[in-house]
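Here the structure is laid out as structure tokens; the discussion comes afterwards.
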Amino acid sequence: MSDSRAADKKAYDNRLRPAIRSHQRTPSGSRDFKEATKRDALARVEVELERLLSTIPETRRPQMHKEFQGFKKLFSRFLAEQGPSMTWEKIEKLPEGAVIDYASLKTPTTDNVHHMLDKLVVVKLNGGLGTSMGCKGPKSVIQVRNELTFLDLTVQQIEHLNKTYKCNVPLVLMNSFNTDDDTQKVIRKYKGLKLDIHTFNQSCHPRINRESLLPIAKDGNVYSDIEAWYPPGHGDFYESFYNSGLLQKFIKEGRTYCFISNIDNLGATVDLNILDLLLNPDPQKYVSEFVMEVTDKTRADVKGGTLIQYEDKLRLLEIAQVPKEHVDDFKSVSQFKFFNTNNLWAKLDAIQRVVEQGSLNMEIIVNNKHLSDGLNVIQLETAVGAAMKCFEGGIGVNVPRSRFLPVKKTSDLLLVMSNLYSLSHGSLVMSPQRMFPSTPLVKLGDNHFAKVKEFLNRFATIPDLIELDHLTVSGDVTFGRGVSLKGTVIIIANHGDRIDIPSGAVLENKIVSGNLRILDH
């Protein structure tokens with residue numbers, strides 16, 4: 001290096017050195033940096049949302065503007081919050097009376113029921129697709145029993161209620177942009193029934209690139225790039241119900257409470273005893289604006305949300321909110337006895353109040369997704385039960401397990417299609433022959449049973465499960481006609497092997513493994 005270039009470099013280094021030294025003397029600016037990047041992220045998202053709004057037809061803009069306002073609130077809270085949304089040490093023991101035993105509720109007299117039901121609205125959360133079970137379209141149109149779908153069974157239940165008690169309980173479906181079109185086509189077939197069906201759509205929010213924290217949508221046409229959008233969880237119910245105008249309509253009609261549940265929970269029928277508790281409360285106690293049905297936790301439910309007392313309020317605690325070092329405590333059946341069935345009862349005027357006050361601050365669930373094009377995105381969601389802390393006089397009711405019959409996987413479908421249940425006016429009733437009130441624990445291998453079509457092809461008829469406690473099936477296994485399973489049955493076909501359980505077989509406390517094929521001669 002020439003002398004002049006070396007001198008220049010030395011002078012340049014000297015100019016830099018004081019700056020470097022002074023930087024080292026100040027405390028780390030990482031917090032300021034993070035705050036600045038967050039402010040920047042919010043500002044950039046606001047600009048991007050305005051751009052997306054400008055690409056939407058004018059007729060749809062006011063609605064989309066409301067939904068984007070909701071998204072901005074979620075996004076700014078997401079940027080502001082760090083770590084778990086609660087301090088583990090502040091969890092208190094549930095106070096006496098916080099959870100009422102269902103058996104202690106009184107049954108209303110028949111002459112009262114008609115007036116009580118006129119105060120009720122039934123809401124089903126119908127935003128989910130059947131993709132996890134290999135089905136196209138809304139999950140609610142999957143056939144679950146006797147060629148009837150979730151939606152058919154729900155409609156049958158409400159119609160039977162209306163006919164029996166000469167009332168007019170409306171059914172409200174909260175759809176998403178994924179399920180609305182298909183649902184509208186399906187509900188036309190119910191026109192001749194004694195039942196008013198109303199629908200509204202939950203919000204449509206933009207998915208966010210995990211790295212840039214910007215929406216990935218190119219324009220506001222949701223259906224041109226459906227992967228760029230998502231429905232923000234069922235916690236969006238309250239604001240979307242309010243924005244739809246249906247909430248105000250029902251209040252004007254003199255209705256008081258709504259019963260909210262998942263469309264795929266076949267145990268979530270209208271319960272007159274709980275309705276009576278709400279409409280005819282003990283004069284010594286607060287009026288309950290919110291009731292969460294909980295049921296006893298078993299080892300199969302360790303990940304389900306639970307009820308806790310926190311900062312003098314009952315609230316829902318989900319596993320996503322638990323600090324890592326306390327996850328085992330959360331899963332403990334002795335520490336947390338109950339889990340949330342997502343069957344909820346909420347007072348209509350209280351919903352109106354919390355929405356208008358802007359006091360709904362449900363915990364944010366950050367859902368990481370990996371799209372088909374390899375992009376990593378985040379969706380910000382909330383859970384409908386998390387709003388419990390925003391209402392007054394919230395209580396839990398410990399209900400029988402029969403009120404929690406969700407169909408999330410084909411293993412659940414096997415139970416509800418079996419002789420464990422009979423169908424009565426759209427409601428599943430457990431067989432009196434079953435010795436225990438609990439359902440068997442069933443695990444079916446994902447590789448061969450996860451999709452409904454594949455699952456159905458593996459059973460010539462659904463086996464007799466009346467005396468079954470536990471079933472595990474893994475590998476290439478098929479069942480003939482009239483098979484009976486009792487006690488604990490484990491069937492494992494190793495890779496490359498196949499097991500055909502022959503027609504009429506009775507398996508009681510058996511392990512079947514290896515290779516078993518009976519061929520027609």
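Each value in this text was obtained by applying a stated rule to the coordinates, not by laboratory testing. All values derive from a computational prediction rather than experimental measurement. Cβ placement follows ideal geometry from the backbone for every residue including glycine, while neighbour counts extend to all protein chains displayed.
With both labels modelled 7 Å from their Cα along Cα-to-Cβ, the Ser132 to Arg44 distance reads 3.2 nm.
The lysines within cross-link reach of Lys252, meaning a Cα-to-Cα straight distance under 16 Å and a gap of 8 or more places when in the same chain, are Lys119, Lys347. Taken along the Cα-to-beta-carbon direction at a fixed 7 Å, the label points for Thr87 and Lys194 span 5.7 nm. For the chain, averaging the sequence separation of C-alpha pairs within contact (under 8 Å, six or more residues apart) and dividing by the residue count gives a relative contact order of 14 percent. Here the spin labels are modelled as points 7 Å beyond Cα on the Cα-Cβ line, and at Lys313 and Val512 they lie 5.4 nm apart.
The dipole here belongs to region 99-199: it is taken about the Cα centre, uses +1 on the Cβ of Lys and Arg and -1 on the Cβ of Asp and Glu, and is about 180 debye. Using a 7 Å offset from Cα along Cα-Cβ at Ser424, what residues in region 262-285 end up with backbone N under 19 Å from the label point? Once the point is set 7 Å along Cα→Cβ of Ser424, 266-275 turn out to lie under 19 Å by backbone N, inside region 262-285. Ranked by the mean number of other Cβ atoms within 10 Å of their residues, highest first, the peptides 267-275, 422-430 come out as 267-275, 422-430.
Taking the Cα centre of the chain as the origin, how large is its charge dipole in debye, to the nearest 20, when only Lys and Arg (+1) and Asp and Glu (-1) carry charge on their Cβ atoms? Write out the running numbers ahead of the final one.
Numbers: 67 positive and 63 negative charges, 164 e Å.
So the magnitude is around 780 debye.
What is the Cα centroid distance between region 429-485 and region 78-135, reported in whole angstrom? When both Cα centres are located, 30 Å separates them.
Which chymotrypsin sites (Phe, Trp or Tyr not before Pro) in region 351-453 sit in a loop by DSSP (not H, G, I, E or B) and have at most 12 other Cβ atoms within 10 Å of their own Cβ? The qualifying sites: there are none.
Before rounding to the nearest 500, sum -39500 (n - 2.57) across all DSSP H runs of length at least 4 in the chain and divide by the residue total; then give [θ] at 222 nm in deg cm²/dmol.
It comes out at -9000 deg cm²/dmol, rounded to the nearest 500.
Applying both filters, DSSP loop and at most 11 other Cβ atoms within 10 Å, to the trypsin sites (Lys or Arg not before Pro) of region 116-181 gives Lys136, Lys166. When Cα extents along the principal axes in Å is calculated directly from the model, which label among [x] 98, 67, 51; [y] 99, 56, 51; [z] 81, 50, 49 fits? Of the listed options [x] 98, 67, 51; [y] 99, 56, 51; [z] 81, 50, 49, [x] comes from this structure. Assuming R0 = 60 Å, can you tell me the calculated FRET efficiency for the pair Thr478 and Asn168, based on Cβ-Cβ distance, to the nearest 0.05? With a Förster radius of 60 Å, E is 0.80. Across the chain, the longest piece that holds none of the GluC sites (Glu not before Pro) lying in DSSP loops with up to 11 other C-beta atoms within 10 Å covers 312-521.
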